[in-house]
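Structure first, then comments.
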Amino acid sequence: MDLETFRHWAHRAADWSADYLTNIKKFPVRAQTAPGDILKQLPASPPDSADDVADIFKDVDDIILPGITHWQHPRFFAYFPANSSPPSVLAEQLTATIAAQCMLWQTSPSATELEIRVMDWMRQMIGLPEGFHGVIQDSASSATLCAVLTGREKALAFAGNKDGLAAHPATRVYCSDQAHSSIDKAIWIAGIGQANLIKVATSGPNLAMVPAALEAAIIRDKEDGLLPAMVMACIGATGVGASDDVGAIAEVCQRHGVYLHVDAAWAGNAMICPEYRPMMAGSEHADSFVFNAHKWMGVNFDCSIHLVKEPEDLVRTLAIRPEYLKTHGQDGVINFSEWSVPLGRRFRALKLWFVVRAIGVKNLRQMIRNHIDWAQALAMKIDAAANFELTSPPVLSLFSFRYAPENVMDLDELNTRLLAAINDDGRIYLTPTNHGGQSVIRLNVGQASSTQDDVEFAWEVIQEMAAKINNA
């Protein structure tokens, strides 16, 4: 493809993108295809000669789009959103065109220095004090892995990578029984082992980790000759938004010299609104903190904000410096590949810079406040409705509920059928969770393009589908 042809199709792609976002409500939110439907339409072998780009675009419309779940749909209320916005899309186009590999300062100084600046913007926006430094990871899962590796190495006096874990006492990691499964996976990858991940009991309306139970577990492990390494606190856990008392946990960690990581993957975005910052009180005492700007700030996936208090510990854990990766003649530069597991790095800072500048912090705050207000109003309607019950109160813009008509013996089975009917209908998209031993339906408002009418429409669909399965 020559550059003039590229220019033509780049304009066509921009038109396609604008048309897609304009007409997105015409699509069912969740893909309605069966397994294998897309695969059987794709040629088994690659083409020898170049296909016409017009044919490729046609296949996008005819083959690919029917198998897409539309995460940018304003009636996407499932999981947590993976937001986008026009400024972010523009930045991604520039990023793809520049195609820089941003592993070192010298491989693109602008990428490194812009990342330094926008990470400090993020710190300021959520209210963490000076002294935290940031790096953009691909996801909170990667940030969690980096935190686990750093906490492990600090506990082992940075000898684990050198000697191997078998040469040291077993390191122990603690989290609540509500914490995300990415913590379990990080424990596996870090070689710590599932048996050394201690799930601490939770209590209270926030389903918060019990500080006394955490401290008792740490003391018990010390007495048994084990090595407490770190605690993983959460703010707004995935299931129903469980949130730990970070300040109380930080006090336990300080008493026992244990690394503290705070996972606020979704809820951390709401901390740009000062009125919600009590949820993160005490996070200034954490060693690291993560939230995903791609979940609620209009930034394309992937863009995870990983803030650390002692970057030297992260670098000491992850940095490998063969001769071909050294930056000679430039002292004091940051090489962000030493802050991450992968060597290769995309120019992610550009889209974050575009979004904050083109939308503005004030407008981002208003979007989040709207989502929270609309979700909480809907939760009140559901709680007041006959035959429905709220199963967990709203945490920011997330809550859970279930259909509970009288004289139905198996409410779990009924709600499984209701959820399937809602998602097969295609007008909205919700997801399940298990809460208190019950199968419940969770609803999260967070799509950047959602309106109050979209949220109210969700309630109409829920009631309609409930009546439909009740009469079936």
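The values are calculated or read from the model by the stated rules, or taken from the named source; none is laboratory data. Owing to the predicted nature of the structure, the values given are computational and were not obtained by experimental measurement. Methodologically, a virtual Cβ is constructed for each residue, glycine included, from the backbone with ideal geometry; neighbour enumeration extends over all protein chains shown.
Answer yes if at least one residue in segment 229-236 is at pLDDT below 95, within 30 Å of ALA379 (Cβ to Cβ) and hydrophobic (A, V, I, L, M, F, W, C), and no otherwise.
Let us first name the residues in segment 229-236 that are at pLDDT below 95, namely 236.
Of the ones still in play, those that are also within 30 Å of ALA379 (Cβ to Cβ) are 236.
Next, from what is left, pick out any that are hydrophobic (A, V, I, L, M, F, W, C): none.
No - not one qualifying residue is present in segment 229-236.
Need a quick list: strands (runs of 3 or more DSSP E) entirely within segment 194-310 having at least 1 residues that are of a type in the set (Lys, Arg). Break it down stepwise before answering.
Working: elements: 197-200, 227-234, 259-263, 288-292, 304-308.
In segment 194-310, the matching strands (runs of 3 or more DSSP E) lie at 197-200.
Inside segment 85-111, can you point out the residues that are over 25 Å from the mean Cα position of the chain (by Cα) and over 25 Å from GLN72 (Cα atoms)?
Here is the first cut: in segment 85-111, the ones over 25 Å from the mean Cα position of the chain (by Cα) are 97-98, 104-110.
Matches in segment 85-111: ILE98, LEU104, TRP105, GLN106, THR107, SER108, PRO109, SER110.
Is there any pair linking a residue in segment 106-123 that is farther than 15 Å from GLY360 by Cα to one that is assigned to a loop (DSSP other than H, G, I, E, B) and of a type in the set (Gly, Ala, Ser), with Cβ under 8 Å and at least six apart or on different chains, and which?
THR107/ALA100; SER108/ALA100; ALA111/ALA100
Only helices (runs of 4 or more DSSP H) wholly contained in segment 1-108 count here; list those with 1 or more residues that are in contact with a Lys or Arg (Cβ under 6 Å, 6 or more places away or on another chain) and surrounded by 11 or more Cβ atoms within 10 Å (Cβ to Cβ).
Ranges flagged: 86-98.
Within segment 35-49, is there a residue that is in contact with a Phe, Trp or Tyr (Cβ under 6 Å, 6 or more places away or on another chain) and either outside the structural domain of ARG427 (by TED's automatic domain parsing) or over 30 Å from PHE399 (Cα atoms) (or both)? Before the answer, list the steps.
Here is the first cut: in segment 35-49, the residues in contact with a Phe, Trp or Tyr (Cβ under 6 Å, 6 or more places away or on another chain) are none.
Taking every residue of segment 35-49 in turn, none turns out to be in contact with a Phe, Trp or Tyr (Cβ under 6 Å, 6 or more places away or on another chain) and either outside the structural domain of ARG427 (by TED's automatic domain parsing) or over 30 Å from PHE399 (Cα atoms) (or both).
Could you go through segment 388-410 and let me know if any residue there is on the phi > 0 side of the Ramachandran plot and among the aliphatic types (A, V, I, L, M).
Initially, segment 388-410 is screened for residues on the phi > 0 side of the Ramachandran plot, giving 396, 407.
So of that shortlist, the ones also among the aliphatic types (A, V, I, L, M) come out as 396.
Among the residues of segment 388-410, at least one is on the phi > 0 side of the Ramachandran plot and among the aliphatic types (A, V, I, L, M), which makes the answer yes.
Among (1) surrounded by 21 or more Cβ atoms within 10 Å (Cβ to Cβ); (2) touching a Gly at 6+ places or on another chain (Cβ under 9 Å), where does THR144 come up short?
Just one mismatch for THR144, condition (2).
Can you say whether VAL231 is assigned by TED's automatic domain parsing to the domain that holds LEU128, over 30 Å from HIS371 (Cα atoms) and buried (at least 22 other Cβ atoms within 10 Å of the Cβ), as far as the supplied structure shows? Lay out the reasoning, then the answer.
Working: assigned by TED's automatic domain parsing to the domain that holds LEU128: yes; over 30 Å from HIS371 (Cα atoms): yes; buried (at least 22 other Cβ atoms within 10 Å of the Cβ): yes.
In short, yes.
May I ask you to list pairs of residues, at least six apart or on different chains, whose Cβ atoms are under 8 Å apart, with the first in segment 340-358 being touching a residue at least 60 places away in the same chain (Cβ under 8 Å) and the second being of a type in the set (Asp, Glu) and outside any loop (DSSP other than H, G, I, E, B)?
ARG348/GLU115; ALA349/GLU115; LYS351/GLU92
Return only the number of the condition from (1) in a helix (DSSP H, G or I); (2) modelled with pLDDT under 95 that GLY344 does not satisfy.
Unmet condition: (1).
Return only the number of the condition from (1) touching a Leu at 6+ places or on another chain (Cβ under 7 Å); (2) part of a helix (DSSP H, G or I) that PRO169 does not satisfy.
Here PRO169 clears every test but (2).
ILE64 is checked against (1) more than 23 Å from ALA267 (Cα to Cα); (2) touching a helix residue (DSSP H, G or I) at 6+ places or on another chain (Cβ under 9 Å) and fails just one. What number does that condition carry?
(2)
So that you can scan it fast, the table gives a plain yes or no per residue for (1) crowded, with 20+ Cβ neighbours inside 10 Å; (2) of a type in the set (Phe, Trp, Tyr); (3) under 30 Å from PRO394 (Cβ atoms); (4) modelled with pLDDT under 95:
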{"residue": "VAL148", "(1), (2), (3), (4)": "yes, no, no, no"}
{"residue": "ASN161", "(1), (2), (3), (4)": "no, no, no, yes"}
{"residue": "ARG172", "(1), (2), (3), (4)": "yes, no, no, no"}
{"residue": "ASP184", "(1), (2), (3), (4)": "no, no, yes, yes"}
{"residue": "ALA190", "(1), (2), (3), (4)": "yes, no, no, yes"}
{"residue": "LYS199", "(1), (2), (3), (4)": "no, no, yes, no"}
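Quick one: in segment 347-400, of everything that is in the same structural domain as LYS295 (by TED's automatic domain parsing) and in contact with a strand residue (DSSP E or B) (Cβ under 9 Å, 6 or more places away or on another chain), which residue is nearest to GLN452 (Cα to Cα)?
In this case the residue turns out to be LEU352.
Just checking, which of THR433, THR327 is modelled with pLDDT under 95 and part of a strand (DSSP E or B)? Break it down stepwise before answering.
Working: THR327 fails: part of a strand (DSSP E or B).
None of the other options fit; the residue is THR433.
Taking PRO129 and the conditions (1) farther than 15 Å from LYS309 by Cα; (2) in contact with an Asp or Glu (Cβ under 8 Å, 6 or more places away or on another chain), which numbered condition does it fall short on, given that it satisfies the others?
Of everything listed in (1) farther than 15 Å from LYS309 by Cα; (2) in contact with an Asp or Glu (Cβ under 8 Å, 6 or more places away or on another chain), PRO129 misses just condition (1).
Considering only segment 131-163, state which residues are part of a helix (DSSP H, G or I), touching a residue at least 40 places away in the same chain (Cβ under 8 Å), of a type in the set (Gly, Ala, Ser) and more than 14 Å from GLU338 (Cα to Cα).
Going residue by residue through segment 131-163, those that are part of a helix (DSSP H, G or I) are 140-155, 160-163.
When the remaining residues are screened for being touching a residue at least 40 places away in the same chain (Cβ under 8 Å), the result is 140-155, 161.
Filter once more, keeping what is of a type in the set (Gly, Ala, Ser): 140-143, 147, 151, 155.
Residues satisfying the conditions are ALA140, SER141, GLY151, ALA155.
For segment 275-283, does any single residue satisfy the condition of being in the same structural domain as TRP339 (by TED's automatic domain parsing) and at positive phi? Before the answer, list the steps.
To start, the set of residues in segment 275-283 that are in the same structural domain as TRP339 (by TED's automatic domain parsing) comprises 275-283.
Now narrow it down to the ones that are at positive phi: 282.
Yes, there is a match, as at least one residue in segment 275-283 is in the same structural domain as TRP339 (by TED's automatic domain parsing) and at positive phi.
Give me the pairs: first residue in segment 72-92 and at positive phi, second residue not in a loop (DSSP other than H, G, I, E, B), beta-carbon distance under 8 Å, and six or more apart or on different chains, which are they?
From residues that are at positive phi, the pairs are TYR79/THR431; TYR79/ASN444.
Would you say GLY282 is over 22 Å from TRP121 (Cβ atoms), surrounded by fewer than 16 Cβ atoms within 10 Å (Cβ to Cβ) and without any contact (Cβ under 8 Å) to a residue 40 or more places away in the chain? Lay out the reasoning, then the answer.
On the way: over 22 Å from TRP121 (Cβ atoms): yes; surrounded by fewer than 16 Cβ atoms within 10 Å (Cβ to Cβ): no; without any contact (Cβ under 8 Å) to a residue 40 or more places away in the chain: yes.
Here the answer is no, as GLY282 does not meet what is asked.
Applying the selection to segment 158-173, what residues are farther than 17 Å from VAL231 by Cα and of a type in the set (A, V, I, L, M)? Steps first, answer last, please.
Within segment 158-173, the first condition is being farther than 17 Å from VAL231 by Cα, and the residues that meet it are 158-169.
Those that are farther than 17 Å from VAL231 by Cα and of a type in the set (A, V, I, L, M): ALA159, LEU165, ALA166, ALA167.
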